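Asks: Mind having a look at this structure? Questions to follow.
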Amino acid sequence: MPSTEKLLHFLSSCLICAAGVCLLGYGMSADWASAEMACAPSETEVFNGSSRLNIGLFDGIENKINCPRISKLGEKVSVFDRLGKVAGAQVILHALVVILLALALVGSVGSILVSLYNSFSNPYQTYMGPIGVYTCSGLSVCVASLALILYVANTYLGQMFETLVKADTPKVTLKDVKINLKVGFFLLIPYICFNMICILMVYLYVHAAYTRRKEQEKPTEDAPKEIMMY
């Protein structure tokens, strides 16, 4: 039966990782970014219209005012459908972000299961021990961090919002694009931190257990001379 110390460390790791899964699950369903831009017909370039998009990972809402000659309020946007019309780097990068986030969730679930198993049993030092937690949570940290970087690159450098507008109205010129990242994106940061804390909790237990074992294995010559006489 595991010690109380081990139970507390691994259960804490399990609960923290579960909280991270809840954060990421909510974040993937929330809005990730919004953008507002001026638009004009390509043939005149008189910027008297505007488009505002508010999107998550999969869908969103667009409000067009005279962009270029029509107005649509509350129009539903399917992110993958629109990006797929252009079939450029934007849809590939966005698909990579979603895939990486799915892998992060799988890693977190694996870390929860391994931590829970270690809380009530004493597996050997294999993938079902602390190494399993390090691997699963480490994978989640790496892929979630990469997803964060790719989303920022696709949004700002890849001109994803401009592509979303032009996929629906190709004969339009855009300028003054103002982008704001939203709650879904920012929830990735505490999710990454939670997984790092999971690793830290298990590492602290392993380090303490290793230190105790080394102290118990000290050679006899290190014992006081009074004890050696007996």
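Values in this text are rule-based calculations from the coordinates and carry no lab data. From a predicted model like this one, the values you see are computed outputs, not experimental measurements. Heads up, the Cβs are rebuilt from the backbone with ideal geometry, glycines too, and the neighbour counts pull from every protein chain shown.
Asks: Taking a 19 Å limit on the Cα-Cα distance, which of the listed pairs LYS85/LYS175; LYS76/LYS175; LYS72/LYS166; LYS76/LYS166 fall beyond it?
Replies: Beyond 19 Å between Cα atoms: LYS85/LYS175; LYS76/LYS175.
Asks: Report P(r) for the range 38-119: all Cα-Cα distances, bin width 5 Å, range 0 to the bin holding the largest distance, values in whole percent.
Replies: In whole percents, the pair-distance histogram is 3, 13, 13, 14, 15, 12, 8, 6, 5, 4, 3, 2, 1, 0.
Asks: Please compute, for the alpha-carbon atoms of the range 94-165, the extent along each of the three principal axes and give them in descending order in Å.
Replies: 56, 14, 13
Asks: While we're looking at this one, here's another question. With +1 on the Cβ of every Lys and Arg and -1 on the Cβ of every Asp and Glu, and nothing else charged, how large is the dipole of the chain about its Cα centre, in debye rounded to the nearest 20? All intermediate terms of the calculation are to be shown ahead of the outcome.
Replies: Numbers: 18 positive and 17 negative charges, 70 e Å.
Dipole about the Cα centre, nearest 20: 340 debye.
Asks: When only C-alpha pairs under 8 Å and at least 6 residues apart count, what is the relative contact order of the chain, in percent?
Replies: Numbers: 369 pairs, mean separation 71.8, N = 230.
Worked out over the chain, it gives 31 percent.
Asks: Once amide H atoms are placed 1.01 Å from N in the peptide plane, what residues at a sequence separation of 5 or more from ALA33, or on another chain, have their amide H within under 5 Å of its amide H?
Replies: Counting only residues 5 or more places away or on other chains, the set is ILE55, LYS182.
Asks: Of VAL133, SER50, HIS207, which is farthest on the positive side of the dipole of the chain, counting Cα position, with +1 on Lys and Arg Cβ, -1 on Asp and Glu Cβ, and the Cα centre as origin?
Replies: Of the listed residues, the answer is SER50.
Asks: Please report, in Å, the Rg and the Dmax of the range 1-55, where both are computed over Cα atoms only.
Replies: That works out to 24.4, 77 Å for Rg and Dmax.
Asks: With loop defined by DSSP as not H, G, I, E or B, and exposure as at most 13 other Cβ atoms within 10 Å, which is the longest segment of the chain clear of exposed trypsin sites (Lys or Arg not before Pro)?
Replies: Working: sites that count: ARG69, LYS171.
By the stated rule (loop sites, at most 13 other Cβ atoms within 10 Å), 70-170.
Asks: Next question. Using per-residue counts of other Cβ atoms within 10 Å, averaged over each peptide, order 12-23, 29-40 from highest down.
Replies: On the way: 12-23: 21.2, 29-40: 18.8.
Taking the mean over residues of other Cβ atoms within 10 Å, the ranking is 12-23, 29-40.
Asks: Quickly estimate the mean residue ellipticity at 222 nm for the chain, helices only: each DSSP H run with n ≥ 4 gives -39500 (n - 2.57), and the total goes over all residues, rounded to 500.
Replies: -20000 deg cm²/dmol, from helical runs alone.
Asks: Give a residue-ordered list of calculated ³J(HN,Hα) values for the range 162-171 (Karplus: 6.51 cos²θ - 1.76 cosθ + 1.60, θ = phi - 60°; whole Hz; x for Gly, Pro).
Replies: Here the 3J(HN,Hα) series is 4, 5, 4, 6, 5, 5, 8, 10, x, 8 Hz.
Asks: Taking the structure as given and computing P(r) over Cα pairs in 10 Å bins from 0, in percent, which label from (1) 7, 30, 37, 22, 3, 0; (2) 6, 15, 17, 15, 15, 16, 14, 3, 0; (3) 8, 26, 21, 15, 12, 8, 5, 2, 1, 1, 0 fits?
Replies: Recomputing P(r) over Cα pairs in 10 Å bins from 0, in percent here picks out (3).
Asks: Distance from the Cα centre of the range 46-118 to that of the range 1-34, in angstrom?
Replies: 25 Å
Asks: Lysines near LYS214 by alpha-carbon distance under 24 Å, same-chain residues fewer than 8 away left out - which ones?
Replies: In chain and number order, the partners are LYS6, LYS225.
Asks: State the percent of C-alpha pairs, over all pairs in the range 143-214, separated by a distance greater than 18 angstrom.
Replies: Beyond 18 Å sits 61 percent of the P(r) for the range 143-214.
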